[in-house]
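The values are calculated or read from the model by the stated rules, or taken from the named source; none is laboratory data. Note that the structure is a prediction, hence the values are computed from the model and not measured. Reconstructed Cβ throughout: ideal geometry from the backbone, glycine too, with neighbour counts over all protein chains shown.
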Amino acid sequence: MTDRPSSERTLAASPEQAWVDELIDDWAEMGEFVDADPAECDRLVLECARELAADPDGALACRWTMGLLLGLLYRGTRPEEDMAAAAFDAAQAADRALRPLPCAHQEHPYQGDLTAEAWCFAEVLRELGGGEPVPWATLPRDEWLCPRNVAGYARVVMESLRAGSADDVPPFLSFEDQYEMVGLTAILEGYPLSRTYDVAWDLLLVASRLQEAEGDDLAGSVLAAAAVTWYVEAEADGTVDVQELLDALTVAFERALGLLDATTCTHDGHPELPRDSTETLAAGMYLASAPGRAAYEKWPEEWAIPLDTAVCPAFVAATAEDSLRRLRNTP
Ligand SMILES: [Zn+2]
Ligand SMILES: [Zn+2]
């Protein structure tokens, strides 16, 4: 990484291009090894921040910005202060340099559903690299490489680090919540990620979150904990000690019931929760934060139940009561 030629400024294949391609490979693999080697992920994030800050409107600004985005997504947990500051400043420099540039597009990729699309960003970057013929005829190349698109993704980076700093970008589930959702989904599907050392411990975090949830965030936390309850009910066979988890879920559901006023319901009826526990988990994760709820409404999944009924106190209380029944019957 140190023998970087410094003057190449073209999108065609070049020594610098090859070097960036190598980095993209590193970013793509990062999702696999980030838990085993978080310091390496941090190093890549800092490298992107440094390069972007040094040349915020350069030909490679798109890739440095996307590299930052990928690194922060993979990292999931709150980045430490120095790294967050470097990433924020670099993204802000790119936004300031690129946003005023002219453009004739009606819309840009950054305005899409980040939570759904982030998984293919490394692939997108490879396709944009220009070395190979582009097999994705549908990829709107001009719009991806447009300065205003790069500025938009830079603002996504800023917003991910400091909520409210770039409120014109579309809503997205926080990177921490995305990271947590991926880990919990893998558990519910029966294939925990390598970062999950202890399934019960990871599931306890869902109970803790419900125990602390308040106001509008309560409904989503109940739904996420209900999905965990279904999993525990189906998987517990008495051979693994899950008593601490059962107790924590019970206490949290009981507290939630005390906060919910079911008499305020004005609905004739309520929809069913998605049958798949991972879908109910996702609904819960989205509904448990304000940006998540905004993203839930803007890009409804096919299994999504309408927001107003999903957060109705009567519906949420019935879900908590059903979960308590299940917990009492779990060995
Ligand atoms: Zn444009
Ligand atoms: Zn209702």
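A few notes on this one:
- Counting the residues of segment 276-306 that are in a helix (DSSP H, G or I) and farther than 26 Å from residue 162 by Cβ gives 6.
- Conditions (1) within 16 Å of ligand 1 (Cβ to nearest atom); (2) surrounded by fewer than 24 Cβ atoms within 10 Å (Cβ to Cβ); (3) within 20 Å of the chain's Cα centre (by Cα): number failed by residue 100: (3)
- Flag for residue 268 being within 16 Å of ligand 2 (Cβ to nearest atom) and acidic (Asp, Glu): yes
- Any chance residue 309 is in a helix (DSSP H, G or I) and away from ligand 1 (no atom under 16 Å from the Cβ): yes
- Residue 234 vs. criteria among the small types (Gly, Ala, Ser), more than 16 Å from ligand 2 (Cβ to nearest atom) and surrounded by fewer than 14 Cβ atoms within 10 Å (Cβ to Cβ): yes
- For segment 259-275, the set of residues classified as modelled with pLDDT of 95 or more and either of a type in the set (Phe, Trp, Tyr) or in a helix (DSSP H, G or I) (or both) consists of 259 only.
So that you can scan it fast, the table gives a plain yes or no per residue for (1) touching an Asp or Glu at 6+ places or on another chain (Cβ under 8 Å); (2) surrounded by fewer than 14 Cβ atoms within 10 Å (Cβ to Cβ); (3) under 30 Å from residue 111 (Cα atoms):
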position	(1), (2), (3)
252	no, no, no
262	no, no, no
269	no, yes, no
280	no, no, yes
295	yes, no, yes
298	yes, yes, yes
331	yes, yes, no
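- Scanning segment 74-127 for residues that are assigned to a helix (DSSP H, G or I) and free of Cβ contacts under 8 Å to residues at least 12 places away in the same chain yields 81, 82, 85, 117, 119, 120.
- Test: residue in segment 141-163 that is over 22 Å from residue 217 (Cα atoms), within 16 Å of ligand 1 (Cβ to nearest atom), hydroxyl-bearing (Ser, Thr, Tyr) and at pLDDT 90 or above: yes
- Scanning segment 47-73 for residues that are among the aliphatic types (A, V, I, L, M) and free of Cβ contacts under 8 Å to residues at least 24 places away in the same chain yields a single hit, 54.
- Residues of segment 161-213 that are out of contact with any helix residue (DSSP H, G or I) (no Cβ under 8 Å at 6 or more places or on another chain) and assigned to a loop (DSSP other than H, G, I, E, B): 164, 190, 191, 194, 197, 198.
- Single match in 185, 229, 264, 280 (criterion: farther than 30 Å from residue 118 by Cβ and in contact (Cβ under 8 Å) with a residue 24 or more places away in the chain): 264
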